[in-house]
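The structure under discussion appears below in the form of structure tokens.
The values are calculated or read from the model by the stated rules, or taken from the named source; none is laboratory data. Since we're looking at a predicted model, the values are computed, not measured. As a convention, Cβ positions derive from the backbone with ideal geometry for all residues, glycine included, and neighbour counts pool all protein chains shown.
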Amino acid sequence: MPIPQNNATSVTQGTGLMWRPSLRTKEYAVFISNDKEEVSIAQKDSPSYKGTQATNKFKHSHCEPTSTYYWRIDSIQHDGSTVKGKVWKYSTK
């Protein structure tokens, strides 16, 4: 249930990202890049890492027109473990 949906096209620049929340999650780690491989293997010291947050929404304010972005959300559980998310994709208009 990512918003924008996976493989969405013509997404307006600055559109917020949203995903299904989890009750077991303490916070979410956000990863975004134009490079699918980078997002796929990214860690917190990677260029695609955008920080952690407690909510299931993120404003991607630095996106360019007619560009493709890959994004991933990792769930950081209350016990400190991390559940790696899937890589999703969208393109801006």
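The table that follows gives values for the structure above.
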| read-out | value |
| --- | --- |
| Lone qualifier among Asp74, Asp45 - being modelled with pLDDT of 95 or more and part of a strand (DSSP E or B) | Asp74 |
| Within the stretch 23-42, tally of residues that are in a loop (DSSP other than H, G, I, E, B) and exposed (fewer than 13 other Cβ atoms within 10 Å of the Cβ) | 2 |
